[in-house]
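Below is one structure, written out as structure tokens, with a few remarks after it.
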Amino acid sequence: MSSRAAIFACAKLRWVPALLAAIIVAACGESVPVQVVTLQVTGAGGYVLQGKSVQREELKHELKAASPNPAAISLHIAADPAAEYRAVGEAMQAAQYAGIARVSFVTEAPVK
């Protein structure tokens, strides 16, 4: 390959990442509004989802029913300092079961 051909090939390859990025943005450019769902873990290990008390066994089903599109949910978990790690872990497992990928931890309980 001549040096001129090599320079041309490198110039063409330089555009590949930008082109791929443009294609990805065009394909995924449709923004989905994010719905914030709050989950409180009480000191006794109970759960309060959007202000409604939920049993441990029903948490994953309630999270799944929260939105038909789990990609549109941002789950904010606020755990009481006295809550056991296990209760928080079970909340994370329920979110995983529901297909929720955005999980954040809130250090203060929401103001009512």
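The values are calculated or read from the model by the stated rules, or taken from the named source; none is laboratory data. Here the structure is a predicted model, which is why all the values come from computation and not from measurement. Cβ atoms come from the backbone with ideal geometry, glycine included; neighbour counts cover every protein chain shown.
Structure above, values below:
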{"read-out": "Number of the condition not met by residue 100 [criteria: (1) over 14 Å from residue 49 (Cα atoms); (2) not in a loop (DSSP other than H, G, I, E, B)]", "value": "(2)"}
{"read-out": "Yes/no for residue 39 being at pLDDT 90 or above, assigned to a strand (DSSP E or B) and not polar (S, T, N, Q)", "value": "yes"}
{"read-out": "Conditions (1) modelled with pLDDT of 95 or more; (2) under 17 Å from residue 108 (Cα atoms); (3) not basic (Lys, Arg); number of the one not met by residue 54", "value": "(2)"}
{"read-out": "The stretch 33-56 residues that are at negative phi, paired with ones that are part of a loop (DSSP other than H, G, I, E, B) and among the polar types (S, T, N, Q) (beta carbon under 7 Å, 6 or more apart)", "value": "35/67; 37/50; 38/50; 48/42"}
{"read-out": "Any chance residue 91 is touching a residue at least 40 places away in the same chain (Cβ under 8 Å), out of contact with any Pro (no Cβ under 8 Å at 6 or more places or on another chain) and not in a strand (DSSP E or B)", "value": "yes"}
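Table: residues versus (1) within 14 Å of residue 36 (Cα to Cα); (2) modelled with pLDDT of 95 or more; (3) in the same structural domain as residue 46 (by TED's automatic domain parsing).
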position	(1), (2), (3)
60	no, no, yes
66	yes, no, yes
75	yes, no, yes
82	no, no, yes
101	yes, no, yes
112	no, no, no
